[in-house]
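Peer 1: My structure is below; once you've seen it, I'll send some questions.
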C-alpha cells in the first residue's frame with residue numbers, strides 16, 4: 001500500500017514546501033529560517049526516537065546519514081533559499097533544479113551501474129521540456145543584467161543546490177547502511193544544521209519576525225515536509241532505481257504551479273497546462289514506482 005501511494009504523497013508534500021517557503025520567506029533570512037526549521041525537527045524527533053527505543057546509527061552508518069543530510073537538506077535548501085533571497089527569479093531557480101533528473105541519470109550509470117534505456121532518455125527529455133513550459137511564464141528577463149537577479153553568485157548558489165540533491169541521492173542509494181528511518185533522519189538533520197547553522201552565524205543578522213504566517217509556514221515545513229516527506233524520500237530511494245526516482249522531481253514544478261493557483265490565485269496558462277501533461281507523460285514513461 002505504501003509503495004503504491006508514496007510517490008504521489010512525496011510529490012505533493014515536496015511541492016507544498018515551495019508554497020510554505022514563499023509564505024514565510026519575508027520574515028527571516030534564508031540560513032536563519034533553515035536553521036530554526038532543522039533545530040525544531042531535531043527537538044521533535046529525538047524524544048520520539050527515545051520513547052520508541054529506536055536503535056541509533058553508529059560508525060559508518062552515522063557518517064552516511066550525516067553526509068546525506070548535509071547534501072540533500074543543508075546544501076540543497078541553502079542554495080535554493082540563498083538564490084531566491086538575492087534576487088534570482090523563482091522560476092529560474094526551479095528550472096535549474098529541474099536538471100536534477102538528467103544529471104542523476106548521467107551519473108547513475110558510471111557511479112551505480114544503472115542502465116539507462118532509450119525510452120528512459122526520451123522520458124527525461126520530455127519531462128525537462130514539460131517542466132520548462134510550466135515555469136516559463138513565471139520567468140523574468142533571463143539576460144544577465146544588474147537588475148535581473150541572475151549573476152555568477154546566484155547561479156553558483158543554484159548550481160550548488162542542484163549538485164547537493166543529485167550527489168546526496170546517489171550517495172544514499174550507493175550506501176549499504178540502512179539505519180532506522182527515525183534515528184537516521186535525526187542524524188541527517190544534524191548534517192543539515194552543520195551546513196546552515198554556521199552560514200547563519202557568519203553571514204546573517206538572525207533576526208526573525210514571528211508573525212502568524214511565519215509560524216504557520218514553519219510548522220508546515222517542520223512536520224509534513226521535514227519529517228514525513230524526507231522519510232518518504234528515503235524509503236523511495238531504497239526501493240527505486242535512482243535515475244527513475246529522480247524523475248519524480250519533474251512533477252514538482254507542475255504540482256507547485258497547481259498549488260499556487262489554489263492558494264494564491266496564480267493563473268495557469270494553456271502552455272503551463274500542456275507542460276503539466278508532458279511531465280505526467282514523462283513520469284509514466286520512466287515508471288518511477290517501487291519495485292517489490
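The values are calculated or read from the model by the stated rules, or taken from the named source; none is laboratory data. In this text the structure is predicted, and so the values were computed from the model without any measurement. Please note: Cβ atoms are built from the backbone with ideal geometry, for glycine as well, and neighbour counts cover all protein chains shown.
Peer 1: Go through the range 28-57 and report how many residues are in a helix (DSSP H, G or I), farther than 21 Å from residue 74 by Cβ and in contact (Cβ under 8 Å) with a residue 12 or more places away in the chain.
Peer 2: 2
Peer 1: State all residues of the range 24-51 that are under 17 Å from residue 86 (Cα atoms) and surrounded by fewer than 20 Cβ atoms within 10 Å (Cβ to Cβ); if no residue qualifies, say none.
Peer 2: Once the filter is applied, which keeps residues that are under 17 Å from residue 86 (Cα atoms) and surrounded by fewer than 20 Cβ atoms within 10 Å (Cβ to Cβ), the range 24-51 yields 25, 26, 27.
Peer 1: Going by what's in this entry, would residue 282 be described as under 15 Å from residue 7 (Cβ atoms), buried (at least 19 other Cβ atoms within 10 Å of the Cβ) and at pLDDT below 70?
Peer 2: Answer is no for this residue.
Peer 1: Which one of these is under 28 Å from residue 198 (Cα atoms) and either in a helix (DSSP H, G or I) or in contact (Cβ under 8 Å) with a residue 12 or more places away in the chain (or both): 23, 103, 107, 9?
Peer 2: 23
Peer 1: Among the residues of the range 60-77, is any more than 14 Å from the chain's Cα centre (by Cα), touching a residue at least 12 places away in the same chain (Cβ under 8 Å) and surrounded by fewer than 17 Cβ atoms within 10 Å (Cβ to Cβ)?
Peer 2: Looking through the range 60-77, at least one residue is more than 14 Å from the chain's Cα centre (by Cα), touching a residue at least 12 places away in the same chain (Cβ under 8 Å) and surrounded by fewer than 17 Cβ atoms within 10 Å (Cβ to Cβ).
Listed here are the residues, each with its yes/no results for (1) within 28 Å of residue 31 (Cβ to Cβ); (2) touching a strand residue (DSSP E or B) at 6+ places or on another chain (Cβ under 9 Å); (3) at pLDDT below 70; (4) crowded, with 22+ Cβ neighbours inside 10 Å.
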| site | (1), (2), (3), (4) |
| --- | --- |
| 100 | yes, no, no, yes |
| 125 | no, no, no, no |
| 132 | no, no, no, no |
| 139 | yes, no, yes, no |
| 146 | yes, no, yes, no |
| 154 | yes, no, no, yes |
| 174 | no, no, no, no |
| 189 | yes, no, no, yes |
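Peer 1: Quick check: anything in the range 211-221 more than 20 Å from residue 61 (Cα to Cα), under 14 Å from the mean Cα position of the chain (by Cα) and either at pLDDT 85 or above or surrounded by fewer than 21 Cβ atoms within 10 Å (Cβ to Cβ) (or both)?
Peer 2: yes
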